[in-house]
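Let me begin by presenting the structure, written as structure tokens, before commenting on it.
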Amino acid sequence: MGGIRTAGDLVGRMQMTRGMRLEEAKRYVAERLGVSTMDLSDPVVMREARRELGLGLIPVDELVFAGEPAAMEAKFRIARVLDVPINSVERFKEHIGAEVR
Amino acid sequence: MGDGSRVEMTASEIRGELEDGVAAAAKRAKVPPLTADEVDHLCDIFCSNARFSAVDVGDEVILSSDGTCSLASGSTTENLLVYQNNLGADTLELATDDYSYKAVKTFATSEAYRMKMAQLQVVPPAQYGAMPDLGRYSRPDGPIANWSELLPLGKIDEARAAQEEAMELAIEDMVFVADHLWEGGADGIDFDTGGASGDADLLATLRTTEILREKYPTMGIQMGMAAEMVLGMHGEITYDGKRLAGMWPSQQQEVVEKAGATVFGPAVNINTTKSVAWNTARACTLIKPCMEKARIPVHPNVGMGVCGVPMTAIPPGDALTRASRAMVDILKVDGL
């Protein structure tokens, strides 16, 4: 579908970790992001949606800035937006210690 | 052709290949043939002169994989970043060159740390993958008597006992590695080429899946098959009351789903002497019975030598994209 160019990683995450079939996964992600299922594979629409929600972008100079979420930070947001626990995010929280969570 | 060589055919010759491929699958696996409309659509795909073929806008599917870190240069994390940033991969997979859980067990802690470091830098879900590889547990590579040597000697009981013994070791190793990688932050585990050593290999993988599903309810578990039919190297092994030997994709999907996997990857072998059209039509026919009843995503293996893709290291783009598109258009697969 295009990975983080589009919403391929988000739909893929719902398949891989929730066992959702394609149409269900696309509908779920589209609903959570407030876009249509057709938008999910549109890199122009998804770039704006991902930027707005902080879900991570292709990290090339023209697209990303230090003031925006990257990788692990974006995955915190993905977990919240998709309402799914992400293993690496949960581990990260655990490792930084309860006092700073 | 199935060996990657170029061939020219007329439209009627292509249709003949497609019809033969469908008939071969229906007869071999006792599955319904594709409909006339489906064969017509395959004909449209294969009669195009375009180099690349693609699905309609909106019909895009997820691409999963078995190892997105096999580039010859750069660290494994850098490889994952190339797949994420340059190739637009939907999912990622960390793995090592010796793609076997038995081999990985000896350095699982290092692999878990590599996963942890990678997870800090990548956004798409990243699983860890290797092969169950039951054959590795037999001599001379492992400690168990070699069932491939025992069987020709007529030592059937001994061969079966050896496979059962190997199975226990394989389960222990796969759970051990998965435990470590989960601790490293992996989003899932990939059991690639399940059943490569036959029915005992598949049962070991199914039982491992059950154990992991119980321990880690949110772990992704992808199980890709080794071949279109499960070999009966043991012959008497059952899962959920069903004999594994001789299972075709439709039956494989049921046991994989029952065990608790989240993604099922059927594989249909290539006949290198037949055309890509023949092979693709045959693969579609064999996999089609999975599609309506599956409750988890079905990602047919469209890699080298399976599901219509020629058995050659660098598959021609026209063959690869036609086989891939056929899987999506005809079967409505969830991914590839």
Inset, instruction - Working only within region B:218-231, note down all residues that are under 17 Å from B:VAL268 (Cα atoms), in a loop (DSSP other than H, G, I, E, B) and either out of contact with any Pro (no Cβ under 7 Å at 6 or more places or on another chain) or within 14 Å of chain A (Cβ to nearest Cβ) (or both). - result: B:ALA226, B:ALA227, B:MET229, B:VAL230, B:LEU231
Inset, instruction - Working only within region A:10-31, note down all residues that are closer than 18 Å to B:GLN127 by Cα and touching a residue at least 40 places away in the same chain (Cβ under 8 Å). - result: A:LEU10, A:ARG13, A:MET14, A:THR17, A:ARG18
Inset, instruction - Please find, among B:ASP97, B:ASP3, the residue that is within 30 Å of B:MET247 (Cβ to Cβ) and surrounded by fewer than 20 Cβ atoms within 10 Å (Cβ to Cβ). - result: B:ASP3
Legend entry - Top-ranked residue of region B:172-217 - restricted to ones that are part of a loop (DSSP other than H, G, I, E, B) and hydrophobic (A, V, I, L, M, F, W, C), ranked as farthest from the other protein chains (Cβ to nearest Cβ): B:ALA196
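Got at least one residue in region B:131-146 being among the charged types (D, E, K, R), in a loop (DSSP other than H, G, I, E, B) and either within 30 Å of A:LYS75 (Cα to Cα) or more than 23 Å from the chain's Cα centre (by Cα) (or both)? Talk me through it step by step, then tell me what you get.
Of region B:131-146, the ones among the charged types (D, E, K, R) are B:133, B:136, B:139, B:141.
Filter once more, keeping what is in a loop (DSSP other than H, G, I, E, B): B:133, B:139, B:141.
When the remaining residues are screened for being either within 30 Å of A:LYS75 (Cα to Cα) or more than 23 Å from the chain's Cα centre (by Cα) (or both), the result is B:139, B:141.
Yes, region B:131-146 contains at least one residue that is among the charged types (D, E, K, R), in a loop (DSSP other than H, G, I, E, B) and either within 30 Å of A:LYS75 (Cα to Cα) or more than 23 Å from the chain's Cα centre (by Cα) (or both).
Suppose the filter is among the charged types (D, E, K, R), in a helix (DSSP H, G or I) and within 18 Å of B:GLY88 (Cβ to Cβ); does A:ARG32 pass it? Steps first, answer last, please.
Working: among the charged types (D, E, K, R): yes; in a helix (DSSP H, G or I): yes; within 18 Å of B:GLY88 (Cβ to Cβ): no.
So A:ARG32 fails the test.
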Inset, instruction - Looking only at region B:251-270, decide whether some residue is buried (at least 17 other Cβ atoms within 10 Å of the Cβ) and over 17 Å from the mean Cα position of the chain (by Cα). - result: no
Inset, instruction - Might you let me know whether region B:42-60 holds any residue that is buried (at least 19 other Cβ atoms within 10 Å of the Cβ) and within 22 Å of the chain's Cα centre (by Cα)? - result: yes
Legend entry - Looking only at region B:295-329, and only at residues there that are under 16 Å from the mean Cα position of the chain (by Cα) and within 14 Å of chain A (Cβ to nearest Cβ), the one that is farthest from B:MET247 (Cα to Cα): B:SER324
Inset, instruction - All but one of (1) closer than 30 Å to B:ALA294 by Cα; (2) crowded, with 18+ Cβ neighbours inside 10 Å; (3) not hydroxyl-bearing (Ser, Thr, Tyr) hold for A:GLU24, so report the exception by its number. - result: (2)
Inset, instruction - Take B:GLY129 and decide whether it is under 30 Å from B:SER64 (Cβ atoms), modelled with pLDDT of 95 or more and within 14 Å of another protein chain (Cβ to nearest Cβ). - result: yes
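If you check B:THR106 against the conditions, is it closer than 30 Å to A:ARG18 by Cβ, without any contact (Cβ under 8 Å) to a residue 60 or more places away in the chain and either within 25 Å of the chain's Cα centre (by Cα) or within 14 Å of another protein chain (Cβ to nearest Cβ) (or both)? Step through it out loud before you land on a result.
Values: closer than 30 Å to A:ARG18 by Cβ: no; without any contact (Cβ under 8 Å) to a residue 60 or more places away in the chain: yes; either within 25 Å of the chain's Cα centre (by Cα) or within 14 Å of another protein chain (Cβ to nearest Cβ) (or both): yes.
It is false that B:THR106 is closer than 30 Å to A:ARG18 by Cβ, without any contact (Cβ under 8 Å) to a residue 60 or more places away in the chain and either within 25 Å of the chain's Cα centre (by Cα) or within 14 Å of another protein chain (Cβ to nearest Cβ) (or both).
Quick check on my filter: what residues within region A:1-29 are within 16 Å of B:THR91 (Cβ to Cβ), hydroxyl-bearing (Ser, Thr, Tyr) and either part of a helix (DSSP H, G or I) or more than 9 Å from chain B (Cβ to nearest Cβ) (or both)?
First pass over region A:1-29, keeping only residues within 16 Å of B:THR91 (Cβ to Cβ): A:1-22, A:25-26, A:29.
Narrowing further to those that are hydroxyl-bearing (Ser, Thr, Tyr): A:6, A:17.
Result: A:THR17, single match.
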Inset, instruction - Among the numbered conditions (1) more than 7 Å from chain B (Cβ to nearest Cβ); (2) under 17 Å from B:GLY188 (Cα atoms), tell me where A:LEU33 comes up short. - result: (2)
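For region B:236-249, which residues satisfy the criterion of being of a type in the set (Gly, Ala, Ser) and surrounded by fewer than 19 Cβ atoms within 10 Å (Cβ to Cβ)? Give the steps one after another, and end with the answer.
Initial filter on region B:236-249 (of a type in the set (Gly, Ala, Ser)): B:241, B:245-246.
Listed by number, the residues that qualify are B:GLY241, B:GLY246.
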Inset, instruction - Take region B:65-97 and flag every residue that is in contact with a strand residue (DSSP E or B) (Cβ under 8 Å, 6 or more places away or on another chain) and over 16 Å from B:PRO124 (Cα atoms). - result: B:THR96
Legend entry - helices (runs of 4 or more DSSP H) within region A:43-101 that include 2 or more residues within 8 Å of chain B (Cβ to nearest Cβ): A:72-82, A:87-96
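The values are calculated or read from the model by the stated rules, or taken from the named source; none is laboratory data. All values derive from a computational prediction rather than experimental measurement. No Cβ is skipped: glycine too gets one built from the backbone with ideal geometry, and neighbour counts run over all protein chains shown.
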